[in-house]
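Take a look at the structure below.
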């Protein structure tokens, strides 16, 4: 996926980009089928960036949405901020897909964000890097996310992230409080990310087209 670390800098980011792309592909292969999507399903890629889920599922009916314009996005796109409300009807999508986004949302805004995911989607897949993993995945710095913000900001300058951002990684319980039971993506004994896959009670997968 070419957008992985696309805005990052330095040799560390260049080396990490292909590894991150392969990791996303493996995670997708391991977890996406659990959503139960069938032909004709309508998907919202929340926080799609320049390409997002379309890189992995180019034949799905995907609408992209992000807080910034994405003029090169190859499909239907709507600029929107889920914390302020999404311009979609209740249950409009068979799946809301949200990969590595919730950690960028301020903790106090996360309940509103999660409520919008559950409102517009009959089902959801929400992935986020694990707080317990020792490498901060945006700056690619060991232990950075475990430091107090003042120290983290100074340390951040040594990493791959282009600009400082107050990112708050989630623990399993924090993700589950928003989206229900979470599954672990592991590297050896370490949990690299948490993936919550849920569905409203009684909501079936999309019917065949």
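Spin-label model, residue 38 to residue 68: label points 7 Å out along the Cα-to-beta-carbon direction sit 4.0 nm apart. Fully extending the segment from residue 184 to residue 25 would add 55.7 nm, taking 0.36 nm per residue of separation and subtracting the current Cα-Cα distance. Note the angle between two axes, namely the Cα long axis of helix 110-120 and the longest principal axis of the Cα atoms of the chain, as a number of degrees from 0 to 90, rounded to the nearest 10. Approximately 30 degrees, to the nearest 10. The alpha-carbon atoms of the chain define a convex hull whose volume equals 121 cubic angstrom per residue. Convex hull volume of the C-alpha atoms in the stretch 91-162, normalised per residue: 97 Å³.
Of the beta bridges in the chain, as assigned by DSSP with both residues counted there, near 45 percent are antiparallel.
Normalised Debye scattering of the stretch 97-209 at q = 0.13, 0.15 Å⁻¹ gives log10 I(q)/I(0) of -0.54, -0.69, counting only Cα atoms as equal scatterers and leaving out solvent. In the chain, the longest principal axis of the Cα atoms and the axis of helix 10-31 are about 30 degrees apart. When only Cα pairs below 8 angstrom with a gap of at least 6 residues are kept, the chain shows a relative contact order of 22 percent.
Each part gets one Cα centre, and for the stretch 140-167 versus the stretch 24-53 those centres are 29 Å apart.
FYI, it's all coordinate maths here, none of it is from the lab. Everything numeric in this text was worked out from a predicted model, so none of it was measured. Neighbour counts run over all protein chains shown; Cβ positions are idealised from the backbone, glycine included.
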